[in-house]
Amino acid sequence: MLPDFELYEAKSIEEACRLKRDLKARILAGGTDVIVAMHSGALRPAALIDIKRIKALQGIRDTGDALVFGALTSHREIEEDPLYEKTYTALYEGCSQVGSVQIRFRGTLGGNICNAVPSADSIGPLLVFDAKCVVASDTAERTVELSEFFTGPKRTVLQDNEILKEIVVPKPKPGTGSCYIKYTRRKAMDLALCGCSILVSLDSEERIVTARVALTTSAPTPIRAPHAEEYLTGKKAGEVDIAELRRLTVSDAKPRSSWRSSAELRLTLIEELAEQAFQKALARAKGEQS
């Protein structure tokens, strides 16, 4: 049973921000995280602010060099559009593995980010696409790198009078491939024991000109793996030592042990997933694999 709370429907970003600040309220978008937490008793907000009807938070637009996703974009919208499967493959793979079809219809990209759990399936892919967050208050807007958005488990840079407005995702260069691999105990609606996202861009000589590696459930927040990225950048595809890539990727991880998995298992998984994700991303960059 849900605890008692007051429900407000905001008609604008400014109204939502004011209510959030004045009432110390929680934002309600898809509700797939907030309502579950309230049912379990982990969250007992005095008020919820329903933002689903705010037009400024909806839709996807093309700016020429980037796609801008409104915070209310659902995972299902991304999963169903062939553009993302072909061009933003890691993001497609992440969004298509969030919960069930019903959850993907309700759950939003912005909600997945703002929930700020280390296992979020969309965040690793967004990190390797170098995404940025546009944060709005009742008086101004600011842009925050997604890699700097998280301050700890379930904690973000959002202030009391701020909400996430949109996510800016630069378009990948020609010759780019990406991959997200999620490891779970079973093929079902399960959180990732570990996740790895990799993006590589190749030049005409198959030299890696851009490399990004992101890990989920591998630290208190989703993280980039800078040592692995630095190692890959500038190398020709055939020069990459997979053993070194595995070692450097795991060197940036700080997983913890929990009832779901030991830290030692997660470290082993990170190495294996890094190898698999790199091979798939590289094949896609070469046009050898869809």
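Each value in this text was obtained by applying a stated rule to the coordinates, not by laboratory testing. Here the structure is a predicted model, which means the values were calculated and not measured. In this analysis, Cβ positions are derived from the backbone assuming ideal geometry, glycine residues included, and neighbour counts consider all displayed protein chains.
For the reader, a short list of remarks on this structure follows.
- Pairs of alpha carbons in segment 45-97 whose separation is greater than 16 Å (percent): 51 percent
- Computed FRET value (nearest 0.05) for D62 with S258, which takes r as the C-beta separation and R₀ as 51 Å: 0.80
- A Förster radius of 25 Å, combined with the Cβ-Cβ distance separating L267 from Q159, puts the computed FRET efficiency at roughly 0.10.
- Per-residue ellipticity at 222 nm, computed for the chain from helices alone with -39500 (n - 2.57) per DSSP H run of at least four residues, works out to -9000 deg cm²/dmol.
- Of every Cα-Cα pair in the chain, the percent that sits beyond 31 Å: 27 percent
- Residue pairs, from the table K52/K154; K86/K236; K11/K173; K165/K286; K154/K236; K52/K173, whose Cα atoms sit over 29 Å apart: K11/K173; K165/K286; K154/K236; K52/K173
- Highest mobility in the GNM of the chain, judged by mean-square fluctuation with C-alpha springs under 10 Å and restricted to F150, F105, F278, is found for F105.
- Candidates I103, I270, I198: whichever shows maximal mean-square fluctuation once the chain is modelled as a Gaussian network with Cα springs under 10 Å: I103
- Partner aspartates and glutamates for K55 [C-alpha distance under 14 Å; skip if fewer than 8 residues away on the same chain]: E9, E14, E15, E166
- Under the span-like rule (Cα at least 30 Å along the axis, Kyte-Doolittle mean at least 0.0), DSSP H helices of the chain: 263-285
- Computed on segment 210-249, the Cα convex hull volume stands at 63 Å³ per residue.
- Of I223, I163, I54, the residue with the greatest mean-square motion in the GNM of the chain, using alpha carbon springs below 10 Å, is I54.
- Pairs of alpha carbons in segment 176-285 whose separation is greater than 24 Å (percent): 21 percent
- Charging the Cβ of each Asp and Glu at -1 and of each Lys and Arg at +1, and nothing else, the dipole of segment 92-186 about its Cα centre rounds to 500 debye.
- Extreme residue, positive dipole direction of the chain, given options P45, C133, I123 (C-beta unit charges): P45
- Charge sum, other residues only, whose C-beta stays under 10 Å from D252's C-beta, Lys/Arg counted +1 and Asp/Glu -1: +1
- Positive-pole candidate from T217, T268, A237, dipole of segment 176-285, charges at beta carbon: T217
- Expected-Rg normalisation [2.2 N^0.38 Å, Cα atoms] applied to segment 30-152: 1.06
- Residue exposure sequence - D81, D160 - by fewest surrounding Cβ within 10 Å: D160, D81
- Rounded to the nearest 20 debye, the dipole size of the chain about its Cα centre is 580 debye, using +1 on the Cβ of Lys and Arg and -1 on the Cβ of Asp and Glu.
- With kT/(6 pi eta Rh) evaluated at 20 °C and eta = 1.002 mPa s, and Rh the Kirkwood radius from Cα pairs, segment 6-49 diffuses with a coefficient of 201 µm²/s according to Stokes-Einstein.
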